Amino acid sequence: MDFNIDPSLALLLGYAFGSVPFGLILTRMAGMGDVREIGSGNIGATNVLRTGNKGIAAATLLLDGLKGFVPVFLAWGWFTNDIGWAALGAVLGHCFPVWLGFKGGKGVATTAGVCFGLGWPIGLTYAVVWLGMLALTRISSLAGMSAAVASVGAAWYFDRPTFAAALGLIAVIVLWLHRENIGRLRRGEEPKVGSKS
């Protein structure tokens, strides 16, 4: 069933799912306070890990991925001409949630979910680059940015130009939100996963 209506509805569908701040919700439910008051101040899994609770961080990672996957999955049946808009909306919702004054996470896990929703080859490419870079460098930001860029190439390779366009916009957002990390990487100051920095 294709509703064949304005792509803004697909964008809003993605945004609605993406804007649920699971990192903030889970840490508060666990009695750990406001995750925005520690580390980088964002609501993503990497910052949740800085609370020291690996279980909550893993749950945040999974749920942030699902809120990218679910709207894209639904868009395959509801908005078949506008799937890329649902993907973009999910990442925008995570990064700029209206409920938190448009200050959310950096989009890495949600982009992973989006990629698997767009197609398993794109999702697999994202996961392999993300996990591979993380294993090699232990730098979360570098792994996430590399995976976001790689997903664009994967979409082109698998002949999905409209998905590549959406993922290109998503990659720009991810890179922009990591601009401070890029600066630290250039100076050799970016902390590694598990460090106290």
Exercise for review: Could you give me the residue pairs with C-beta distances under 9 Å whose first residue belongs to segment 148-160 and is over 16 Å from Phe116 (Cβ atoms), whose second residue is surrounded by fewer than 19 Cβ atoms within 10 Å (Cβ to Cβ) wherever it lies, and which are 6+ apart or on separate chains?
Suggested key: Val149/Leu175; Tyr157/Pro121
Review point. Quick one: is Arg184 surrounded by 14 or more Cβ atoms within 10 Å (Cβ to Cβ) and within 17 Å of Gly41 (Cα to Cα)?
Key: yes
Exercise for review: Return yes or no: is Leu61 assigned to a helix (DSSP H, G or I) and under 20 Å from His178 (Cα atoms)?
Suggested key: yes
Review point. Do we find a residue being part of a helix (DSSP H, G or I), farther than 19 Å from Leu88 by Cα and within 15 Å of the chain's Cα centre (by Cα) anywhere in segment 34-45?
Key: yes
Check your understanding: Can Leu100 be described as in contact with a Leu (Cβ under 8 Å, 6 or more places away or on another chain), at pLDDT below 95 and closer than 23 Å to Pro21 by Cβ?
Key -> yes
Review point. Which condition breaks for Val193 when tested against (1) farther than 20 Å from Ala87 by Cα; (2) of a type in the set (A, V, I, L, M); (3) modelled with pLDDT of 95 or more?
Key: (3)
Point to revise | Residue under evaluation Val193, criteria (1) surrounded by fewer than 18 Cβ atoms within 10 Å (Cβ to Cβ); (2) aliphatic (A, V, I, L, M); (3) in a helix (DSSP H, G or I), criterion not met | key: (3)
Review point. Within segment 48-57, is even one residue touching a residue at least 40 places away in the same chain (Cβ under 8 Å), farther than 26 Å from Leu12 by Cα and surrounded by 17 or more Cβ atoms within 10 Å (Cβ to Cβ)?
Key: yes
Practice item. Examine segment 106-124 for a residue that is touching a residue at least 60 places away in the same chain (Cβ under 8 Å), in contact with a helix residue (DSSP H, G or I) (Cβ under 6 Å, 6 or more places away or on another chain), surrounded by 15 or more Cβ atoms within 10 Å (Cβ to Cβ) and charged (D, E, K, R), and state whether such a residue exists. Key: yes
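The values are calculated or read from the model by the stated rules, or taken from the named source; none is laboratory data. Because the structure is a prediction, the values reported are computed rather than measured. Every residue, glycine as well, gets a Cβ built from its backbone with ideal geometry; the counts of neighbours run over all protein chains shown.
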